[in-house]
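Enquirer: Attaching a single structure in structure tokens format; questions to follow.
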Amino acid sequence: MAFSLSGIFLLVILCLPFVGSVVAAFLPTYDRDRGALVAGIIALVAILLTLGFFPEISARNVITYTLIWIPELGLNFTLRMDGFAWMFAMMVTGIGFLVVIYARYYMSPEDPVSRFFSFFLGFMGAMLGVVLSGNIIQLALFWELTSLFSFLLISYWYHNANAREGARMALTVTGIGGLCLFAGLILIGHIVGSYDLETVLSSGDMIRSHALYLPALCLILLGALTKSAQFPFHFWLPQAMAAPTPVSAYLHSATMVKAGVFLMARFWPVLAGTDAWFFIVGTAGLATLLIGAYIAIFQNDLKGLLAYSTISHLGLITLLLSFGSPLALVAAVFHILNHATFKASLFMAAGIIDHEAGTRDIRKLNGIIHYMPITATLAMIASAAMAGVPLLNGFLSKEMFFAETILTHRASALDQLTPYFAVLASACSVAYSLRFIHGTFFGKPATDLPKVPHEPPHWMRFPVEILALTCFVVGIIPALTIKPFLTAAIYSILGVNTPAYSLAVWHGLNFPLIMSIVAFLMGCLLYICLRGYLDRQKDSDVAPIIGRIKGRRIFDEMMVALSWRWARSVDSFFSTKSLQPQLRLLVCVAVVAAFLPIWGQGLDFVRPSALVNPVPIVLWLIGGCCAIGAAYYAKIHRMAALILLGGAGIITCITFAWFSAPDLAFTQLLVEIVTTVLILLGLRWLPKKAQQTRSEGRGLVARVKNTRDIIIAGVAGFGLASIAYVVMLRVPPESISQFFLEKSYTEAGGKNVVNVLLVDFRGFDTLGEITVLGIVALTVYALLRRFRPAPESLDVPEQQRIQNAFDDAQPGRQKGDTVIDYLRIPSIVMQLMFPAIIVLAVFLFMRGHDQPGGGFAAGLTMAIAFILQYMAGGTRWVETRLRILPMRWMGIGLLLATCTGAAAWLFGRPFLTTYFSYVDLPFLDKVPAASALLFDLGVYSLVVGATVLILIALAHQSLRASRSGKDT
């Protein structure tokens, strides 16, 4: 592991937004100032740290930082910053800082602003994770995080149906694309033999010549095209305009939609240069460029116009990347920067207009320049940059785009027609930019606006001023302002193949300039011709012809077809309201899956070399009888079934003890106690079993069904027993137990091999298991919160009542019944046992590394203490005296276990590597002080929290019964 100061700073840049997200979440809900202050400081510090890397980046160095995770599988947490990643990191943090300033004034004091800044910082961190990832699996993880945080931001105003629908659509489309990307990256890792990004980027020839290249290419491009809203997935982006304008400005300029083009540029040296790349990427880019530009002309909503223009410009970048030439890559990366500046400023200007005038409808916004001259001037500069007007940054990258379109990249009609399509799309860009400028700022001052417009506070306009100034300065002196950063970014992608290029404003009268002039004149003429039609639009912003093809409607119909028709058909075929048929199908599939290999290879039955001890066989027979009895009585008497099920568990405990596994036996006993009591408490609130009539119980159909189930169960049980018998009697036995017996003390410092396995050798598995346990507990708690006890279960159970001797004996509770306090004496004993059980739990926890015990057993023991208190005193009695907070137990446990594993990184060791030693304590002699003890403490805390959370969910059913007017 590298421990350079640069690497540490790289980790800090990534972690800062996530830390800030957590801090912002705990701020007062409506505190705009502190929320903006936290987000602004985080973004500013990240900018300064990123800027500090430029001397090293300009020297063409690559900064890496690696935390060892699972090195055997090539899964390490790696951060990697080269020139291209640096450029994107500056864009993400820089524009993010400006958006934070803007959002402070845009967001209403009535909005839950702390939640907004929490989501915003999480989004920033996820995007930084994408651009800084040095492991492609890690990249896929952060890729999905951007989708999740964008969903939260787009649906921020969740009371708005359009916001909810737009967020759902964005998450569905980009989420599916993310899954495809993940599959494609796995294929790339399989081809290369490594998931390290550096290794992948140096294996271009190997990947392109491999048979899996085309599937990997298609899957990765599905991820990139869906994220960057490229045809035919472009429909989700305009629906995301229901988000607050700061979100739209950030999402369209520096983050979400730029992730797709970032990915294509990042993998350009590996995937580009083939016909498949050219036709797939080029077709999608060209179609998106034209469709987005055409539809943008007819949008009446300022944000709608800008959304479709974003789609078009992303199509331009994608088309450039498809060419496969180094100069086209230079133009694409340059336009990524230029688009970020003018699009962020345009969105913020549109938000200012909406904020101050009360509407974004172009048809109502006439003469805004008379009310807001400074904002109008800034917006016109950004619009001109978007249209490619000379002396602005957009003109330079557009010229480079035109220069690339007239070159021959592939002998195909697509390549030959590209220059004409490029001029047409540029003309449309001029037309919608003119509409944005002329329709919004010029003409007679509007008099019927919802609010009288005026200039916003200066700091709300400040980000727009900075970005508009950037467009102007870069457009005039690009060689001094942007070329050093652009060169560093291009070199990190192309290396020694970086071409010479010029960013001069004037290259003489050449074909690109002529194409620009023609496109500008065509755009002006197009706007003049369409102006009358646009003014006549009353209630519709549908573009003629293709605008009537509604992507949202197609998406909704597809979702209905998937979820309603196909999914319900499959569900109705395979599922039933009863659990038994599903279990029957599951067992049958398992039997068939096990039988097929046995049919081909057979089972090698071996007679045991010695006489079999009869004691375990007797135990197993008793346990089997208990299990069969439990299955039989499950339909008749729940209590009897539970008792027999517990008997089978006890036999399992005895079996473990017989085979010298006291740790397993003790843990199994604790599990049986806890699960049996919790199930018993749950059965209390279920409806009574319906009594079967003799005809129902002994009918022909019933007997056939019972016989079928017995045969299936018998075949499955006998088959599993046979496989286990054959495996255990193999000669010589293939066992790894000796390894752990030899290494548990020398390498982990523990004599209890079982506990050492759980917290050391298989600590990663244990971390996953306790995470699943926590999720299960939360799920049970959520389900039981909606559960309503059966009406007949609300009354006092018959076992707790006696009837007055003078009343007629009748079933059920009658007048004169007396409730028996039958737990008076036991409850006192159980309450007095509470401290003793706590001491026992601590004892089991402390001895677990060397003797039977450990965090899991101690956690169950502690949970039993709480269970006894609830049983003895009742829910209200316990909760007025004990503040348990099980969710905090769970959170602290999971956090402690994770941090214990991560602490190994500080010493250059893989995740969850442990350290052990023995320390002398007064009165206790030598005590083991392994770091695994902290991990075990996390296991203990989570087990206690998860078990008690389920207990509380069950116990609160009694409170519902009490509120229903029944005795408890």
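The values are calculated or read from the model by the stated rules, or taken from the named source; none is laboratory data. Here the structure is a predicted model, which means the values were calculated and not measured. Don't worry about glycine lacking a Cβ; one is built from the backbone with ideal geometry, like all the others, and counts go over all protein chains shown.
Enquirer: Are there any helices (runs of 4 or more DSSP H) wholly within region 1-72 with 3 or more residues that are touching a strand residue (DSSP E or B) at 6+ places or on another chain (Cβ under 7 Å), and if so which?
Expert: Result: 5-25.
Enquirer: Pull up region 505-539, narrow it to residues that are among the basic types (Lys, Arg) and exposed (fewer than 12 other Cβ atoms within 10 Å of the Cβ), then point me to the one that is farthest from Leu396 (Cα to Cα).
Expert: Lys538
Enquirer: Has region 250-266 got at least one residue that is more than 32 Å from the chain's Cα centre (by Cα), in a helix (DSSP H, G or I) and among the hydroxyl-bearing types (Ser, Thr, Tyr)?
Expert: No, region 250-266 contains no residue that is more than 32 Å from the chain's Cα centre (by Cα), in a helix (DSSP H, G or I) and among the hydroxyl-bearing types (Ser, Thr, Tyr).
Enquirer: Inspect region 36-54 for any residue being farther than 18 Å from Ala254 by Cα, within 21 Å of the chain's Cα centre (by Cα) and small (Gly, Ala, Ser) and give the result as yes or no.
Expert: no
Enquirer: Kindly indicate the residue of region 304-341 that is touching an Asp or Glu at 6+ places or on another chain (Cβ under 8 Å) and over 23 Å from Ala468 (Cβ atoms) and also surrounded by the most Cβ atoms within 10 Å (Cβ to Cβ) among those meeting that condition.
Expert: By that ranking, first place goes to Leu320.
Enquirer: Could you list, ordered by first residue, the pairs with Cβ atoms under 9 Å in which the first is in region 263-284 and among the basic types (Lys, Arg) and the second is assigned to a helix (DSSP H, G or I), at least 6 apart or interchain?
Expert: Close Cβ pairs satisfying both conditions: Arg266/Phe84; Arg266/Ala85; Arg266/Val131; Arg266/Leu139; Arg266/Leu197; Arg266/Leu201; Arg266/Ile493.
Enquirer: Considering each residue of region 128-162, count those that are in a helix (DSSP H, G or I) and at pLDDT 90 or above, and give that number.
Expert: Of the residues in that region, 24 qualify.
Enquirer: Next question. Just to be sure, is Leu148 without any contact (Cβ under 8 Å) to a residue 60 or more places away in the chain and within 23 Å of Ala46 (Cβ to Cβ)?
Expert: Considered against the rule, which asks whether it is without any contact (Cβ under 8 Å) to a residue 60 or more places away in the chain and within 23 Å of Ala46 (Cβ to Cβ), Leu148 comes out as yes.
Enquirer: Ile437 passes all but one of (1) at pLDDT below 90; (2) within 28 Å of Trp506 (Cα to Cα); which number fails?
Expert: (1)
Enquirer: Looking only at region 395-413, decide whether some residue is among the basic types (Lys, Arg), assigned to a loop (DSSP other than H, G, I, E, B) and either surrounded by fewer than 22 Cβ atoms within 10 Å (Cβ to Cβ) or at pLDDT 90 or above (or both).
Expert: yes
To keep it simple, each residue is scored yes or no on (1) in the same structural domain as Leu486 (by TED's automatic domain parsing); (2) within 21 Å of Phe262 (Cα to Cα); (3) buried (at least 17 other Cβ atoms within 10 Å of the Cβ).
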{"position": "Ser58", "(1), (2), (3)": "no, yes, no"}
{"position": "Asn61", "(1), (2), (3)": "no, yes, no"}
{"position": "Thr66", "(1), (2), (3)": "no, no, yes"}
{"position": "Glu72", "(1), (2), (3)": "no, no, no"}
{"position": "Gly94", "(1), (2), (3)": "no, yes, yes"}
{"position": "Ala103", "(1), (2), (3)": "no, no, yes"}
{"position": "Phe117", "(1), (2), (3)": "no, no, yes"}
{"position": "Met124", "(1), (2), (3)": "no, yes, yes"}
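Enquirer: State the number of residues belonging to region 447-494 that are in a loop (DSSP other than H, G, I, E, B) and buried (at least 20 other Cβ atoms within 10 Å of the Cβ).
Expert: 3
Enquirer: OK, next. Sort through Gly184, Gly166 and tell me the only one that's surrounded by 16 or more Cβ atoms within 10 Å (Cβ to Cβ) and touching a residue at least 60 places away in the same chain (Cβ under 8 Å).
Expert: Being surrounded by 16 or more Cβ atoms within 10 Å (Cβ to Cβ) and touching a residue at least 60 places away in the same chain (Cβ under 8 Å) holds for just one of Gly184, Gly166, which is Gly166.
Enquirer: Read through the list (1) of a type in the set (A, V, I, L, M); (2) modelled with pLDDT under 95; (3) farther than 29 Å from Phe26 by Cβ, then give the number of the only condition that Met87 fails.
Expert: (2)
Enquirer: Take the conditions within 24 Å of Val759 (Cβ to Cβ), not in a loop (DSSP other than H, G, I, E, B) and not assigned by TED's automatic domain parsing to the domain that holds Val677 and apply them to Gly893. Does it pass?
Expert: Yes: the conditions hold for Gly893.
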